[in-house]
Each structure stands twice: as C-alpha cells, then as structure tokens.
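The values are calculated or read from the model by the stated rules, or taken from the named source; none is laboratory data. Please read all numbers here as calculations on a predicted model, not as lab measurements. Neighbour counts are summed over all protein chains in view; Cβ atoms, including those assigned to glycine, are modelled from backbone coordinates with ideal geometry.
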Amino acid sequence: MTKVLENFFAGLVLAPVVVFCSASQALAETSVKHFENWTFSCEEKACQIFVTLADNKTKIAKYSLSIVYDGGKNATSAILRMPLGVALAPGVRVFADGTNFYDWPYQVCEDAGCQAVAVLEDPAIAKFKTADALQVQFIAYGSKKQDSFKIPMAGFNAAYDMLVTEAKK
C-alpha cells in the first residue's frame, strides 16, 4: 500500500493534469503497473510513465522523468524534475546514445524542484527505446562544470507501449 501511495503521489507531482479527489477515491480509480525501472500510472485517462531516482545517502527522491502521451494529438512530452539549485539558462542536455543529444529548457521551478519539459518526436522515442540508460547533463547554480546522472531505461519499451495503448482507448 505504501508503494502504491508513493507511486501515486509521485505521479501527481509530475502529471500535467491533476485531478483533485480524496486519497481513498484516487486509489480506487488509479491503475499502477511496474515495468522494471519504469512505472505506469493512470487516473481517469490521465496516464503517464515515470522513473524516480533517489539520493544514495538519504534515499529521498532527487530526480524523476515522467513521459505523457496525448492520443488525440499523437504527441509525447517529457517532464524531467531536477532539484533546486540548478543553473536555469543552460537547461539540461539528454543523451540517449552517447552522441546525439536533446536540449530541454527549464519551464518552472517550485518548492519541490525545477522541471525541464520537452516534446519528444518519433526519432527521440526510437532512441529512448534502444538506450540502456539516458545520460542527463546539467550545471549546478554558480558552477562552471557539468554534472550528470543516468536514468535507467530497463522497462521503458513495455511501459511506453502501454501508455500509448491506454491513451488511444
């Protein structure tokens, strides 16, 4: 139950559409399924897949990537949540294959962190599907050197396919 609540609330932080209702009502209407490192979450047709990375020492969520799909527009968007204290102007750089990269600008910073948002075109999704991990580069505020972390992609393909299938229903 704790894991379901954790996934549910992590999904609400990242979802572009938030449906307000009581926790017991939300749990009854929320579908959650795990695909290795990725989690599929769907509430009243507002679906997403996401992965959350915790700080090794504190075990508190530090980074998360959420992918949403709009079946009506056939469009995929990514929302990368970063901790506060990042340099905003350069945004983040995401490598899917070690060579090609995608620059995602930060859109908003709130108490929980800053969010970089991007629309993912089919070539990017294809690279995500073949990647073992995404390499995310960023610069901490006041620093000149890049820092980075990896997002594991195990389970992404199955989770993404379920996301698209559910959005088209």
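Residues in region 68-87 that are assigned to a strand (DSSP E or B), of a type in the set (A, V, I, L, M, F, W, C) and surrounded by fewer than 16 Cβ atoms within 10 Å (Cβ to Cβ): 1 in all. Selection of first residues in region 37-57 that are within 29 Å of SER148 (Cβ to Cβ) and of second residues that are β-branched (Val, Ile, Thr) and outside any strand (DSSP E or B), restricted to Cβ pairs under 8 Å at least 6 apart or on distinct chains, gives the following pairs, ordered by first then second residue: ALA54/ILE60.
One residue alone among ILE79, ILE67 is farther than 13 Å from GLU166 by Cβ and modelled with pLDDT of 90 or more, and that residue is ILE79. Restricting TYR63, TYR106 to those that are among the hydroxyl-bearing types (Ser, Thr, Tyr) and more than 13 Å from the chain's Cα centre (by Cα) reduces the list to TYR106. Scanning region 88-114 for residues that are within 25 Å of ILE60 (Cα to Cα), among the small types (Gly, Ala, Ser) and surrounded by fewer than 16 Cβ atoms within 10 Å (Cβ to Cβ) returns a single hit, ALA112. Being at pLDDT 85 or above, of a type in the set (Phe, Trp, Tyr) and under 21 Å from TRP104 (Cα atoms): is that true of PHE35 here? It is false that PHE35 is at pLDDT 85 or above, of a type in the set (Phe, Trp, Tyr) and under 21 Å from TRP104 (Cα atoms). Evaluating PRO152 against the criteria (1) over 19 Å from TRP38 (Cα atoms); (2) surrounded by fewer than 16 Cβ atoms within 10 Å (Cβ to Cβ) leaves one unmet condition, (1).
If you filter region 128-149 down to residues that are in contact with a helix residue (DSSP H, G or I) (Cβ under 9 Å, 6 or more places away or on another chain) and outside any helix (DSSP H, G or I), you find that the one that is surrounded by the most Cβ atoms within 10 Å (Cβ to Cβ) is LEU134. Testing TRP104 on (1) farther than 16 Å from ILE49 by Cβ; (2) at pLDDT 95 or above; (3) touching an Asp or Glu at 6+ places or on another chain (Cβ under 9 Å), one condition comes back false. Which one is that? In the conditions (1) farther than 16 Å from ILE49 by Cβ; (2) at pLDDT 95 or above; (3) touching an Asp or Glu at 6+ places or on another chain (Cβ under 9 Å), TRP104 misses (3) alone. One residue stands out among those in region 115-127 that are part of a strand (DSSP E or B) and out of contact with any Ser or Thr (no Cβ under 8 Å at 6 or more places or on another chain): the one that is farthest from LYS62 (Cα to Cα), which is ALA116.
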